[in-house]
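The values are calculated or read from the model by the stated rules, or taken from the named source; none is laboratory data. This is a predicted model, so every value here is computed, not measured. Here the Cβ is made from the backbone with ideal geometry for all residues, glycine too, and neighbour counts use every protein chain on show. Keep in mind that these areas ignore ligands, DNA and RNA; they rest on the heavy atoms of the full protein, side chains included. Shrake-Rupley method; radii C 1.70, N 1.55, O 1.52, S 1.80 Å.
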Amino acid sequence: MGKISAVLFDKDGTLFDFQRSWAGWALDLLTELSDGSPARRAALADALGFDLCAARFRPESPVVAGTTDDVVRLMLPYLPGWTGPALGAYLTEASAQAPMVPAVDLGPLLAGLAARGLALGVATNDAEAPALVQLEAAGVRRAFDFVAGFDSGHGAKPGPGQVLAFAEATGRRPAEVLMVGDSRFDLAAGRAAGASTAAVLTGTACAEELCDLAGVVLPDIGALPAYLDRLGAGAA
């Protein structure tokens, strides 16, 4: 592993706790879109890997690492009267209003990482616009040198495009980047770009599902400073 001089974060399940941010929002969304039909609500929930009884996403849910376009394709067969573009626009607008719950206290963590001289970025399979709104609402938008969604022109994870674009935008080599995420898509994207990888457990995956693609598995991003100390990353 080379010297780490930049950290690229996934958003949902990494910066923000996945279940606490999205489960309640998804339950309300499914209820609204089902238009009073329990059967349609159940079908939508099943397509999205959402457990209605537990009001939680299942670990294998395609929503965890999928793009908005992926979610549209899954939902559209159960929503007569909707078009793909209309549903995509609706989900993008609605997701910007989701009550995001930070996985840790983001302000001090990100300030500490920046003080080490590390470039910071966000690479999400969400759309860019709601991602920017959510980061702004959390008070951390200005902490990042780079923010990309699946629609920003660099492709989506697990492809390497977002990681490579971050490296280029910040003047780093891909080998200097640490990609931090909660899903196999995040880690695969980092590896495909030639970056180092770190997994966190604030999504839906367990350590056993991530360890083969991760250089380290951490409980959450709050453990990053100690890990970076061990690597000698940035100016301590």
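Being part of a helix (DSSP H, G or I), within 21 Å of Gly66 (Cβ to Cβ) and either open to solvent by 20 Å² or more (accessible area, probe 1.4 Å) or not aromatic (Phe, Trp, Tyr) (or both) is the requirement here; does Val180 meet it? Considered against the rule, which asks whether it is part of a helix (DSSP H, G or I), within 21 Å of Gly66 (Cβ to Cβ) and either open to solvent by 20 Å² or more (accessible area, probe 1.4 Å) or not aromatic (Phe, Trp, Tyr) (or both), Val180 comes out as no. Is there a residue being more than 15 Å from the chain's Cα centre (by Cα) and either in a helix (DSSP H, G or I) or buried (at least 24 other Cβ atoms within 10 Å of the Cβ) (or both) anywhere in segment 145-160? No, because not a single residue in segment 145-160 is more than 15 Å from the chain's Cα centre (by Cα) and either in a helix (DSSP H, G or I) or buried (at least 24 other Cβ atoms within 10 Å of the Cβ) (or both). If I ask for residues that are of a type in the set (A, V, I, L, M) and either in a loop (DSSP other than H, G, I, E, B) or out of contact with any helix residue (DSSP H, G or I) (no Cβ under 9 Å at 6 or more places or on another chain) (or both), which ones from segment 161-172 would you list? Those that are of a type in the set (A, V, I, L, M) and either in a loop (DSSP other than H, G, I, E, B) or out of contact with any helix residue (DSSP H, G or I) (no Cβ under 9 Å at 6 or more places or on another chain) (or both): Ala165, Ala169. Inspection of segment 13-24 finds a residue satisfying the criterion of being closer than 22 Å to Lys157 by Cα, in contact with a Gly (Cβ under 6 Å, 6 or more places away or on another chain) and of a type outside the set (Phe, Trp, Tyr). Considering the conditions (1) within 20 Å of Ala114 (Cα to Cα); (2) free of Cβ contacts under 8 Å to residues at least 40 places away in the same chain; (3) open to solvent by less than 40 Å² (accessible area, probe 1.4 Å); (4) not hydroxyl-bearing (Ser, Thr, Tyr), Asp229 is excluded by exactly one of them, (3). Of all residues being at pLDDT below 95 and of a type outside the set (A, V, I, L, M) in segment 89-115, which is nearest to Leu30 (Cα to Cα)? Just the residue, please. By that ranking, first place goes to Ser95.
Listed conditions (1) buried (at least 16 other Cβ atoms within 10 Å of the Cβ); (2) closer than 18 Å to Ala65 by Cα; (3) of a type outside the set (Ser, Thr, Tyr) are all met by Leu164, apart from (2). Of all the residues in segment 190-210, those that are within 22 Å of Gly232 (Cα to Cα) and either open to solvent by 30 Å² or more (accessible area, probe 1.4 Å) or part of a loop (DSSP other than H, G, I, E, B) (or both) number 3. In segment 24-33, which residues are surrounded by fewer than 16 Cβ atoms within 10 Å (Cβ to Cβ) and under 19 Å from Gly88 (Cβ atoms)? Trp25, Asp28, Glu32 - these are the residues of segment 24-33 that are surrounded by fewer than 16 Cβ atoms within 10 Å (Cβ to Cβ) and under 19 Å from Gly88 (Cβ atoms).
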